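Working notes, structure below.
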Amino acid sequence: MVEGLTHAGIPQAAILPIAVLELLCLLLYWIPSTTVLATFLLTGYFGGATVTHIIGGESILPPLIVGLIIWAGAYFRVPELKAVLPLRAGHSVRDGQPFGRTAVSQ
C-alpha cells in the first residue's frame, strides 16, 4: 500500500498522518452524534483519493464505491438526512406528507 501511495506522488513522510486522519474520521463516523460531520469529512478524503487515482491512471471505482457506502450508511442511520435528501420525489420524512401539502388539523 505504501508503494502505491508513493508511486502516486505522495511523500512517504505524509502517509502516516494521512492514515491517522482517515482513522479519526472513521471514529467520528461511528459516533452517532458526529456521523453527519464525519460523512462530509470522509467525502472530502475520498474525493482526494479519487483525484489521486485519476492522476495515477488507476480506476476511480474503488474510492467512489467507498464514498457511496459511507453516504448510504449515514443516510440509513441519521433520520434527518432522509428529510434533507428524500429518495422519492415529493415525499417528506419529516411530516409524512408530500411536499406542498399540509395535514388538515381539526
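This table checks each residue for (1) out of contact with any Ser or Thr (no Cβ under 7 Å at 6 or more places or on another chain); (2) free of Cβ contacts under 8 Å to residues at least 40 places away in the same chain.
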| residue | (1), (2) |
| --- | --- |
| V2 | yes, yes |
| T6 | yes, yes |
| Q12 | no, yes |
| I15 | yes, yes |
| L21 | yes, yes |
| L26 | yes, yes |
| P32 | yes, no |
| A38 | yes, yes |
| T43 | yes, yes |
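How many residues does segment 57-76 contain that are assigned to a helix (DSSP H, G or I), over 13 Å from the mean Cα position of the chain (by Cα) and loosely packed, with under 11 Cβ neighbours inside 10 Å? Residues that pass the stated criteria total 1.
Laboratory data are not the source of any read-out in this text; all were calculated from the coordinates shown. Worth saying up front: this structure is predicted, and the values here are computed from it rather than measured. All Cβ positions, even for glycine, are placed from backbone atoms using ideal geometry, and neighbour counts span all protein chains on display.
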